[in-house]
Amino acid sequence: MSTPILEIRDLCVSYGKVEALHHINLKVAAGQIVTVIGPNGAGKTTMLSAIMGLLPSKGEIEFQGEVQRDIEVEHLVAMGMTLVPEKRALFGEMSVEDNLLLGAFMRYRAGDRDQGKTMDQVFGTFPRLKERRAQLAGTLSGGERQMLAVGRALMAKPKLLMLDEPSLGLAPLIVREIFHIIADLKKTGVAILLVEQNARAALQIADYGYVLETGSVALEGESRALADDPRVVETYLGLGGKKQ
Amino acid sequence: MDLQIALLLGQDGIVNGAIYALLALALVLVFAVTRVIFIPQGEFVAYGALTLAAFEAGKTPGTLWLLLGAGVLVALIDTVIAVRGGNPGRIKRIVLWDLALPAAIAGLVLWLEPATLPLAAKVALSLAIVVPLGPMIYRLAYQPLAEASVLVLLIVSVAVHIALVGLGLLFFGAEGSRTTPFSEAQFNVGTLTVNGQTLWVLGASCVLIVALYLFFGRTLYGKALRATAINRVGARLMGISTTLAGKLSFTLAAGIGALSGILIAPITTVYYDTGFLIGLKGFVAAIIAGLVSYPLAAAGAILVGLLESFSSFWASAFKEVIVFTLIIPVLVWRSLTSHHVEEEE
Amino acid sequence: MKQRLPLLVFLAVLVLAPPLLPEFYVTLLNYIGLYSIVALGLVLLTGVGGLTSFGQAAFVGLGAYATGYLSTAHELSPWLGLLAGLGITAAVALVLGFLTLRLSGHYLPLGTIAWGLSLYFLFGNLEFLGGHTGLTGIPVLELAGFKLDTGREFYYLIWVVLLGAVLATQNLLDSREGRAIRALKGGGLMAESMGVDTARTKTIIFLIAALFACVSGWLYAHLQRFVNPTPFGLHIGIEYLFMAVVGGAAHVWGALLGAGVLTILKQWLQDILPQIFGQSGNFEVIFFGIMLILVLQRARDGLWPWLVRLVPVKVDRQRTVAEAEPLPCRQMPAAGTVLLEVKDARKQFGGLVANDNMSLTVKAGEVMALIGPNGAGKSTMFNCISGVDPLTSGEIRFLGERTDALVSREMARRGMGRTFQHVRLLPTMSVLENVAIGAHLRGAKGVLSSSLHLERAEEARLLAEAKRQLERVGLGEHLFEEAGSLPLGQQRILEIARALCVDPYLLLLDEPAAGLRYLEKQALAELLRKLRAQGMGILLVEHDMDFVMGLADRVVVMEFGEKISEGLPEEVQKDPVVLEAYLGGVE
């Protein structure tokens, strides 16, 4: 693996007295797609929240070669980390365009004024959003919401894009479309950390994968090797791949 | 009651209602963005009015010392945090906003002899002293508890309120004050006499409401505040920090409060503790709106103003009882229309 | 004995104080006692129940004015005055509670601010209550022919009342009703699903707090022998809340500590501040305000926990559960009887359709599994079935009766027990007590017998039942640990024990195996098989396919809120629609 853009060492997260995440080690190389798969309750969302600074954690998070001491969401966003959360967290009573503009809030504060251009690029990736630019985000369909959430994150021109279950609740066709777009995004140079339940789809587009189970990394490896690993097939690829 | 009295009372009610509307808007804003029920809003009304009155009387208002003191305290706390967190780069901003700015205001006040200045300059100086107190109070009292429940934040609000009332008594004494009207003009419309100050209040309220509308609809910072109100986590992920949103909304609320005080000071005598009752009437209006709807809050405020002025005519001793009992039917109505399953925070 | 020592010393000091102390200090102690009674009500209401009132001073005023007016204008006995005060207070509290308790949390405190203000202005403006001058010449209180006309004598009455109230409150909190009260803060939805009427419970604690305040007012009136509106204003109401919060709002003794600290501090500040500032006024409020903010920022639990740590006495927690006669159980219907029938259910949140055209049945003695990808609407279906959310349209029948309009506590009453996808328990309460909440409906004793601890026999049976269910699910070793200290997987198992305490015909389990290890999953499957064999019906949402396929009798597969397949586990596994839903990756 080339120089990692994100490296996590010994990450632990506790809720009250219970430790939910135990000593996680994980790397994302620049320009790669890395996926974290695992069953419900394994701690995938907890891990992303901790990396993003939404939850207090122990351990070391190194982003772009800098160890983050005082992890603050705003600071990480300014440095180029973005998270598209599982619930999308859109601003439902605001227009698609305003949602996108707010995605570039941190860059606007820093003095960048090229939001128009970035928005055109986002519209290039998601033509559907352009059609709906004046519509309120709350009135979009499930797939469009996911597109808006990703588009909004791209407005920040991130170095690392973290996606939490982008396939959640979407029809297979839309899931396919979203995954194609994620695979395409890789070509723009952004590194992607993809958390998914839909293990097969995630492993197909990822370079490297981790399997999270009850708060620990159970397996890791090149995604192709992982997809063929009998333990993954058995546990996570579900119904079709049961024991012969 | 004849028509003339009715018109007079109606005029009174609408003027007061306009002020309550401004306060109600600020309360709804602060609650939506920070979940703080901003009980101390009324103290900003009193501080605004009494600071202006102190200038007129040729005194240095005590609020100036509060500004300097709060600035030093904020600077101290933030510097310690910045050094501990390994961000000494932040100290420049801290010195600028929490020390240099208050010092500059103090310098202006002590050097300019405000009593001799025109009214507009006095108003500007009063606002310059009182408005920065908003974000500073947010920093000191609320920011460390930003993740606490609405209930804890409410108790903090009440604590801030009584501390500010006590300080108000210390700064301005128990005597009330009235300031010079912005305009002495009088207009006769049929049998009704309209004072210049009345028009000032109504005009300023309208301008302020339009300005707020534009701020929230057109500027990125206004949109950022709305975004925080709609989805706090989403806003944080865009880099809109809870602290930034909190300070911004408290600045707006403090500004609206202080300006309201300055507008009504020529009409009513303002005491150090007057603000609380005025603020609470803004609250009744905000509650009518369920603490969420801006237009409903404004309409509720006019209703409260009218109710107050008419009940002061019919049963003046029970004026306050009637206004605050209004909240009961309002709550009945709200409890009948809301069907939400209680879910804890 | 040793752990009671601090209490005994405290009581001894209380008894000996009046003859030994100068008048001034006795008066101070009297006021501390009076304030503590009010603050105690707030501990119950705010600290334990999570509700807040700034208007308690108004209830104190009702108690004081009721007896003041009746005993002067009509020369009635102070005891009649007490009754009248309690009656009026109860009526007012019930009306206010009815109006505000059903709304979200902050409406009650806001309502009490408005209410506290109006009542204050009312006291000051009503002719027959003496306006702002108030009422004078209130008679001396007589107790069994003995006149209480000095502060030293009155002292004992105040403190006996206070200690009685403390004891009753402690008893109440340690009971079935007390568990319901403690569940209000952070567990409302869960408690409702276990059959607790939370609106009623909230009203009860609001009522108790108001009545405590009223009694304090009655005592105050006969101690002072005059009343005017000043001590019943909103700012005093705020001070009462400060006392509770500063002392430690979650502890009954915190009320006494807070009242003591604030009363003494106020006395002291009122002496020195006017000298410092060179003018007179209520400057102590500046310090109270700042102190409260600091307490909330630095030590949100108040001073009591901090004081307890200074006293080196180990408190022995209860470690055993007494043997008791088992509670009566429901007779399970014959295997195959239809327990639950959902027909054409549709659930819409605004424009979002979460469930549509959903139909399923669960029979006695079978495990029915509801599976589907994340976000397919399984938990929504669960919430509709268990009465947490109402259906938009369609029909749900439980044991043959329509239930889609019923709330969750009614479903619990009818024999439905459930667990939650995101664990809902009270983390600082013991495992045993958490589970005992499930048995809420199997006890009947109310608040009064709980405060007097006349319900110990029933309580023992409830706890024994909780213990039995915990042993059944394999948590028998952890009865007295804090529930929040269990690993997440075991917290899910705890929820199953709690649901079993409902004594259900039908058990709804939302992802019970998530976070469990292999052996734990096996044990869980074993338990569910046993329950099935006893005739219980089980509806299961689960992601672990091995677990589901090895256990379920029938499976319903959901996607996008609708049923896409139904049948035996083997059939469903081969259904191409299901394969597509689960495995439809990118081509």
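No lab work stands behind these numbers, since they all come straight from the coordinates. Keep in mind it's a predicted model, so treat the numbers as computed, not measured. For neighbour counting, all protein chains shown are included, and Cβ atoms are generated from backbone atoms with ideal geometry for every residue, glycine included.
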3J(HN,Hα) from dihedral phi, region B:93-104, Karplus parametrisation 6.51/-1.76/1.60, rounded to Hz, x for glycine, proline:
4, 4, 4, 4, 7, 9, 10, 5, 4, x, 5, 5
Please list, or write none, the lysines whose alpha carbon is within less than 24 Å of the alpha carbon of A:Lys58, excluding same-chain residues fewer than 8 places away.
A:Lys17, A:Lys27, A:Lys44, A:Lys159
Applying the Karplus parametrisation 6.51 cos²θ - 1.76 cosθ + 1.60 with θ = phi - 60° to the phi angles of region C:149-154, what ³J(HN,Hα) value in whole Hz is obtained for each residue in order, glycine and proline being reported as x?
10, 10, x, 5, 6, 4
Determine the shielding of peptide C:533-546 by partner chains: average, over its residues, the number of Cβ atoms on other chains within 10 angstrom of each Cβ.
2
Reach of B:Lys59 by Cα under 18 Å, taken over aspartates and glutamates that are not fewer than 8 positions away in the same chain:
B:Glu113, B:Glu175
I'd like the projected area of chain C, averaged over all directions, using the convex hull of its alpha carbons. Report it in nm² with one decimal.
33.1
What is the distance in Å between the Cα centroid of region A:117-173 and that of region B:200-239?
24
For C:Met429, what residues show an amide H to amide H distance below 5 Å, using hydrogens built from the backbone and excluding near sequence neighbours?
C:Ala483, C:Gly484
Cα-Cα over 25 Å: which of A:Lys130/C:Lys347; A:Lys130/B:Lys247; A:Lys130/A:Lys187?
A:Lys130/C:Lys347; A:Lys130/B:Lys247
Would you order A:Val175, B:Val207, C:Val338, C:Val161 from fewest to most other beta-carbon atoms within 10 Å of each residue's own beta-carbon?
B:Val207, C:Val338, C:Val161, A:Val175
Taking the number of other C-beta atoms within 10 Å as the exposure measure, put B:Phe310, C:Phe54 in order starting with the fewest.
B:Phe310, C:Phe54
Counting only other chains, what is the mean number of Cβ atoms within 10 angstrom of the Cβ of each residue in peptide B:148-156?
6
I need the peptides A:206-215, C:298-307 ranked by packing, meaning the mean over residues of other C-beta atoms within 10 angstrom, with the highest value on top.
A:206-215, C:298-307
Estimate the FRET efficiency between C:Ala199 and C:Ala457 by the formula 1/(1 + (r/R0)^6), using the beta-carbon distance for r and 30 Å for R0, to the nearest 0.05.
0.60
Please work out the Cα center distance from region C:103-157 to region B:278-327, rounded to the nearest Å.
27
Counting Lys and Arg as +1 and Asp and Glu as -1, each charge on the Cβ, what is the dipole of chain C about the Cα centre in debye, to the nearest 20?
1000
HN-Hα J couplings of region A:78-84 from phi, Karplus 6.51/-1.76/1.60, θ = phi - 60°, integer Hz, Gly and Pro as x?
4, 7, x, 9, 9, 10, 9
Provide a whole-number value for the mean count of partner chain Cβ atoms within 10 Å of the Cβ atoms in peptide B:163-172.
5
Protection proxy ranking of C:371-383, C:501-513 - average other beta-carbon atoms within 10 Å, highest first:
C:501-513, C:371-383
With unit charges on the beta carbons (Lys and Arg positive, Asp and Glu negative) and the dipole taken about the Cα centre of chain B, which residue among B:Thr63, B:Gly166, B:Tyr142 sits farthest to the positive side?
B:Tyr142
Using the per-residue mean of other Cβ atoms lying within 10 Å as a proxy for protection, in what order, highest first, do the peptides A:78-85, B:6-13 fall?
A:78-85, B:6-13
One finds, for B:Val292 and A:Gln64 with R0 = 35 angstrom and r their Cβ-Cβ distance, a FRET efficiency to the nearest 0.05 of 0.30
Taking region B:3-337, how much of its Cα-Cα pair set, in percent, is spaced more than 34 angstrom apart?
24
At what distance in nm do the modelled label points of B:Val207 and C:Lys147 sit from each other, each positioned 7 Å from its Cα along Cα→Cβ?
7.1
Amide H contacts under 5 Å for A:Leu83, placed H, 5+ residues apart
A:Met162
When only C-alpha pairs under 8 Å and at least 6 residues apart count, what is the relative contact order of chain B, in percent?
38
Between region C:432-488 and region B:1-76, what's the alpha-carbon centroid distance in Å?
53
Computed [θ] at 222 nm, helices only, for the protein assembly as shown once each DSSP H run of length n ≥ 4 contributes -39500 (n - 2.57)
-18000 deg cm²/dmol
Straight distance only, please: which aspartates and glutamates reach the Cα of C:Lys343 with their own Cα at less than 15 Å, same-chain residues fewer than 8 apart left out?
C:Asp356, C:Glu395, C:Glu401, C:Asp404, C:Glu562, C:Glu566
In debye, nearest 20: dipole of the protein assembly as shown around its Cα centre with unit charges on the Cβ of K, R (+) and D, E (-)?
620
How many percent of DSSP beta bridges within the protein assembly as shown run antiparallel, rounded to 5?
60
Fewest-first ranking of C:Glu284, A:Glu222, using other Cβ atoms within 10 Å as the exposure measure
A:Glu222, C:Glu284
Sequence-distant or interchain residues sharing an amide H contact under 5 Å with A:Ala29, placed H: which?
A:Ile5
